[in-house]
Amino acid sequence: MSFFESAGVISKGRVILDGGYNNMGNIWKGHLDKVVPYKPGKPIEEVKREFGLKKIIKLASNESPFPPSPEVLKAIKSSASRVNRYPDGGCYYLRTALAKKLGVGGENIVFGNGSDEIIILALHALVGPGDEVVVADPTFQIYHIASMVKGAKLKIVPCKDYRYDIEKMAKAITSRTKAVFIANPDNPSGTYVDREALGSFLKKVPENVMVFLDEAYYEFASGGTYPETMGYIRSGRKNVIVARTFSKAYSLAGLRVGYGIAQKDIAEVLNKVREPFNVNLVAQEAALAALGDEAYMKRSVKAIKSEMKRFYRFFDSMGISYVESRTNFILVNVRRDSTALFGDLIKRGIIIRDMASWGLPGHIRVNAGLKEENDLFFNVFADIMSNRKK
Ligand SMILES: *Cc1c(COP(=O)(O)O)cnc(C)c1O
């Protein structure tokens, strides 16, 4: 028997395709009709072309305004000449260094093409049509989109005063729930679920429901009452996946390296569903070098935190309310047409994020850039606001 016969795809020379084949006009899975693709922040080059501008300031995608550390740049240059080879599919050196830093085993880590891929791998391995996924709203939209792609049913729990309503999320779990997503801190609000609230939430979640803790902003958030979740991994907690990334504090958004940390058996399942070479060779060596220069990352985080304080003072001085954030971005309630404001800012070369399409009309999200970029934002923003007053 051929492979295809034993797999049930071909039976006595006849091809059997399972599912989804309605007619020649519509061969795609029907539930994809409802999926709306993720709309990223406008790229700098696109704005340059569209508005004929030379200088653009992008404060829209929560990237680091700082280039990667010089050590990382060296690693990128030296790895470039070796890209004729496939990367190490197991990310051995990066895995070893990261496991040591986190105080977990190498077998507890799964790497992704950005931490977005860890979200997708988890859903790929966990959910199918009819399963339920509990998510907040508004929050990071990849959870909703990737769940819908899998045909899962979303149980959406609205945020309350820009915070996760974690008790309601626990109550939204049913016997069909496979996963709960918690962005901690949250994007776009920047608020976080503290150690105590997370601890009591986890006590309520059944063991067969996976809790996905998205800690993309961990390096900005850690300290105080922010939960240190590696303890859950070390103590053998069976239903937690923690995701972190090199995209934000480590200045590597463009290279795409993220990772999940979980029990060994979970990491093994996620490894089954990933592409064998999902983290490219340059990215692996750059991330390893970034780990080797923690001092650079810490200086970046410190500088960004001090710029965040300037944003608070600026909005305070304007009498504009915002949500205090444990990240590198701020959700601002501008109390006027945020889409028009976005348009006015972009004409003057400043890209921010209009939150109207995230279900927060009248709000923008802006991330801290370089000091001089932020100064320009303050000036232009104040100018636009004063012209709009009648
Ligand atoms: C930016 C971000 C991510 C991750 O991005 P990657 O670049 O894919 O690692 C994940 N979650 C949240 C909430 C984010 O804001």
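The values are calculated or read from the model by the stated rules, or taken from the named source; none is laboratory data. Quick caveat: nothing in here was measured; it's all calculated off a predicted structure. Quick reminder, even Gly has a Cβ in these numbers, built from the backbone with ideal geometry, and neighbours come from all protein chains shown. For accessibility, only protein heavy atoms count, side chains too; no ligands or nucleic acids. Shrake-Rupley method; radii C 1.70, N 1.55, O 1.52, S 1.80 Å.
Numbers below:
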{"read-out": "Subset of Lys101/Lys168; Lys100/Lys238; Lys48/Lys371 violating a 32 Å alpha-carbon distance limit", "value": "Lys101/Lys168"}
{"read-out": "Stretchable slack from Ala125 to Lys29, in nm (0.36 nm times residue separation minus alpha-carbon distance)", "value": "32.7 nm"}
{"read-out": "For the chain, alpha-carbon Rg relative to the globular expectation (2.2 N^0.38 Å, N residues)", "value": "1.05"}
{"read-out": "Debye intensity ratio I(q)/I(0), log10, region 345-390, q values 0.21, 0.30 Å⁻¹ (C-alpha model)", "value": "-0.81, -1.15"}
{"read-out": "Inverse of mean 1/r across different Cα pairs in region 26-174, Kirkwood, Å", "value": "19.6 Å"}
{"read-out": "Helix axis angle, 281-292 relative to the chain longest principal axis, alpha carbon, degrees", "value": "60 degrees"}
{"read-out": "Coordinate range along principal axes, alpha carbons of region 157-285, Å, largest first", "value": "43, 30, 26"}
{"read-out": "Magnitude of the charge dipole, region 232-383, Cβ model with Lys/Arg +1 and Asp/Glu -1, debye to 20", "value": "520 debye"}
{"read-out": "Computed accessible area, Asp88, all protein chains, 1.4 angstrom probe, square angstrom", "value": "70 Å²"}
{"read-out": "Total charge dipole magnitude, the chain, about the Cα centre, Cβ charges on Lys, Arg, Asp, Glu only, Debye to nearest 20", "value": "420 debye"}
{"read-out": "Overall form of region 274-336 per C-alpha gyration tensor (a/c, 1.5; a/b vs b/c)", "value": "oblate"}
{"read-out": "Built amide H within the under 5 Å cut-off of Val157, gap 5+", "value": "Val135, Ala136, Asp137"}
{"read-out": "Inter-label distance for Ala99 and Glu50, nm, one decimal - labels placed 7 Å from Cα along Cα-to-Cβ", "value": "4.6 nm"}
{"read-out": "Farthest toward positive dipole pole in region 240-390 [+1 Lys/Arg, -1 Asp/Glu at C-beta], among Ile352, Ala253, Val334", "value": "Val334"}
{"read-out": "Whole-Å semi-axes of region 198-274's equivalent ellipsoid (Cα gyration tensor)", "value": "22, 18, 9"}
{"read-out": "Set of aspartates and glutamates with alpha-carbon distance to Lys155 below 16 Å, sequence-local pairs under 8 removed", "value": "Asp131, Glu132, Asp137, Asp165, Glu167"}
{"read-out": "Where labels lie 7 Å past Cα in the beta-carbon direction, separation of Ser235 and Lys77 in nm", "value": "4.7 nm"}
{"read-out": "Of all accessible heavy-atom area on the chain, the percent that carbon and sulfur account for (1.4 Å)", "value": "55 percent"}
{"read-out": "Mean residue ellipticity (222 nm) of the chain, computed from DSSP H runs ≥ 4 via -39,500 (n - 2.57), nearest 500", "value": "-11500 deg cm²/dmol"}
{"read-out": "Per residue solvent-accessible surface (Å²) - the chain, probe of 1.4 Å", "value": "49 Å²"}
{"read-out": "5 angstrom amide H check on Ser189, placed H, neighbours 5+ away", "value": "none"}
{"read-out": "Which listed pairs, of Lys178/Lys203; Lys204/Lys264; Lys54/Lys309; Lys150/Lys248; Lys54/Lys77; Lys54/Lys302, have C-alpha distances above 18 Å, in listed order", "value": "Lys204/Lys264; Lys54/Lys309; Lys150/Lys248; Lys54/Lys77; Lys54/Lys302"}
{"read-out": "Residue among Phe66, Phe140, Phe51 with the largest mean-square fluctuation in a Gaussian network model of the chain, springs linking Cα atoms under 10 Å", "value": "Phe51"}
{"read-out": "5 angstrom amide H check on Tyr322, placed H, neighbours 5+ away", "value": "Asn333"}
{"read-out": "Tensor-based shape of region 69-111 (alpha-carbon gyration tensor, a/c under 1.5 rounded, otherwise prolate or oblate)", "value": "oblate"}
{"read-out": "Helix 294-318 vs. the chain, principal-axis angle (Cα, 0 to 90°, nearest 10)", "value": "50 degrees"}
